[in-house]
Every structure is written in C-alpha cells, then in structure tokens.
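Colleague: First the structure, which I've put down as structure tokens, then a few questions once you've had a look.
The values are calculated or read from the model by the stated rules, or taken from the named source; none is laboratory data. Every value quoted in this text rests on a predicted model; they were computed, and no experiment measured them. Note that we place each Cβ from the backbone using ideal geometry, even for glycine, and neighbour counts take in every protein chain shown. With ligands, DNA and RNA removed, areas are computed over all heavy atoms of the protein, side chains included. Shrake-Rupley method; radii C 1.70, N 1.55, O 1.52, S 1.80 Å.
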Amino acid sequence: MVEDERETRNRGDSDSTGRRVASELSIFTGLATDFYRGEVDRATTWRSRLDQTTNWAVVVVAAVLTWAFSGENRPHYVILIGTFAVTAFLLMEANRYQEYDVWRDRVRTVQSGLMAEAFAPREKPDDNWQASLGEQLRNPTLRISFWEAMNHRLRRSYLALISILILAWIARITVYASDETWRQTARILPIPGVIVVGVVGLFYAVLVLITIWSARGAHTEEFQA
C-alpha cells in the first residue's frame, strides 16, 4: 500500500513538472532561452549543409564549362552530364531543405511568440505559439513536402545554374563549332542531333514551367533561404 501511494505521488510529481515550469516565469524564461539556442544551432548546422550542396553545384558548373571550352575536340555532352549532376544536387538539397525548414520554423516561433512580445508587447498577443510548438515537439513532422522544397531551391539557385549550362551548351554546338551545323554537332554517338536538342529543350522547358507555376503559390517567410 505504501509503495503504491509512493508510485502514485511520484507519477503525479512527474506529470506536473511541465506545468510547474510553465507557471514560474524565471524557470520558463531560462528554459525557453536554452531551447532557442539549441534550435538556432541546429538551424545553423542544416543551413551550412545547404550551402555545401550549393557550393558543390557551383564548382561542378565552373569545372564543366572550363573543361568543355578548353579545346575544340572536347565533347559537348560533357555539359549535359554536368547539367544532370547539378539536377542531382538540386534533389539532394531539396531533401536537406525539408529538414532545415523544421528547425528554422521553431526558431521563428520562439522569436515571434516570445522575443517579439518582450521587445514590443501587443495589446492582444497570440498565445497559440506555445501550443503549436508543443505539438511540434511531441509529434515532429516536416512542414513542407519534397516537391515544395525542390521548387523553392529551383527558384532560388538552381534554375540559374542550369540556365548557365544550357546556354553554354547551345553556344558550344553553334557558335563554337561554326564549321558544322547544329544538327551535326549536337549528335551524341548514334543519337541524332535533332533528338538530343529536343530532349534538352523539353527538360529545360519543364524546369522553367515548374519554376513559374510554383512561384505563383510561393509564400515568403522572413528571409527566403
């Protein structure tokens, strides 16, 4: 009987720990500060991972263009290989952006819900941020889909990088090889140049359409990363 009462009392104390912390302002403020620092560190870590992927994509673009235009005998399809490599970086970065967005959202929630009110209190503050943050901590979920993350990174960086490669490829099969027609220079082994150009043009057109379509429904949160 005594042990049962002790277990019940201990269980009650455990259940009320969060309530006691939330009710004592000094303890809650210290906990929120430590939590904020931890989430900022996580967001910074994932932001650096995004930068690493983008930096590698830029390096690939520079290396491919330098090699492709270093001599007349360089095959033009190396630029296309570089284009697909950059596309692979885009898909990888979209996955990383999903993770980064989770930590960034938590940081913004604390900033807007707690810190903004501390610096400039409003007459009717929104206290739902605590419930929202608590639910996110209990049941962590990705805020945006892979498709949305890919569209975001495509608009921000990767469409420009792929456009540079496509324009360089067009110059490589036309201006740079003036002694042959583009149908001849665009050929890849047995694949006719017309088909190669058609596939590349379709690929780029799809990317542009995706970018334009996704930009219509894009939402801006603080600074777009």
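Yes/no matrix, rows are residues, columns are (1) acidic (Asp, Glu); (2) modelled with pLDDT of 85 or more:
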residue: ASP13; (1), (2): yes, no
residue: VAL21; (1), (2): no, no
residue: LEU65; (1), (2): no, yes
residue: PHE69; (1), (2): no, yes
residue: VAL78; (1), (2): no, yes
residue: MET92; (1), (2): no, yes
residue: TYR97; (1), (2): no, yes
residue: ASP101; (1), (2): yes, yes
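Colleague: Against the condition under 30 Å from THR211 (Cβ atoms), loosely packed, with under 12 Cβ neighbours inside 10 Å and among the hydrophobic types (A, V, I, L, M, F, W, C), how does TRP147 come out, does it pass?
Modeller: It is true that TRP147 is under 30 Å from THR211 (Cβ atoms), loosely packed, with under 12 Cβ neighbours inside 10 Å and among the hydrophobic types (A, V, I, L, M, F, W, C).
Colleague: I'm trying to understand the selection: among the residues of the range 104-120, which are modelled with pLDDT of 80 or more and farther than 21 Å from GLY30 by Cβ?
Modeller: ARG104, ASP105 - these are the residues of the range 104-120 that are modelled with pLDDT of 80 or more and farther than 21 Å from GLY30 by Cβ.
Colleague: Within the range 130-148, identify whether any single residue is modelled with pLDDT under 80 and within 27 Å of GLY38 (Cβ to Cβ), and answer yes or no.
Modeller: Within the range 130-148, one or more residues are modelled with pLDDT under 80 and within 27 Å of GLY38 (Cβ to Cβ).
Colleague: Only residues that are of a type in the set (Gly, Ala, Ser), open to solvent by less than 50 Å² (accessible area, probe 1.4 Å) and closer than 27 Å to THR185 by Cβ: list them for the range 74-100, please.
Modeller: Residues satisfying the conditions are GLY82, ALA85.
Colleague: Tell me yes or no: at least one residue of the range 177-191 is in a loop (DSSP other than H, G, I, E, B), modelled with pLDDT under 80 and over 29 Å from GLU72 (Cβ atoms).
Modeller: Within the range 177-191, none of the residues are in a loop (DSSP other than H, G, I, E, B), modelled with pLDDT under 80 and over 29 Å from GLU72 (Cβ atoms).
Colleague: Go through the range 182-208 and give me each residue that's open to solvent by 70 Å² or more (accessible area, probe 1.4 Å) and not aliphatic (A, V, I, L, M).
Modeller: TRP182, ARG183, GLN184, ARG187, PRO190
Colleague: The conditions are (1) part of a helix (DSSP H, G or I); (2) under 25 Å from ALA160 (Cα atoms), and ARG74 fails exactly one of them. Which is it?
Modeller: Result: ARG74 passes all but (1).
Colleague: Look at ARG143 and say whether it is more than 23 Å from the chain's Cα centre (by Cα) and charged (D, E, K, R).
Modeller: The answer is no for ARG143.
Colleague: Restricting to the range 161-181, count the residues that are of a type in the set (A, V, I, L, M, F, W, C), free of Cβ contacts under 8 Å to residues at least 60 places away in the same chain and surrounded by 13 or more Cβ atoms within 10 Å (Cβ to Cβ).
Modeller: The total comes to 2.
Colleague: Across the range 101-135, which residue is most open to solvent (accessible area, probe 1.4 Å) among those that are acidic (Asp, Glu) and part of a helix (DSSP H, G or I)?
Modeller: By that ranking, first place goes to GLU135.
Colleague: Now for a different question. Which of the residues that make up the range 59-73 are in contact (Cβ under 8 Å) with a residue 24 or more places away in the chain and surrounded by fewer than 18 Cβ atoms within 10 Å (Cβ to Cβ)?
Modeller: Within the range 59-73, PHE69, GLU72 meet the criteria.
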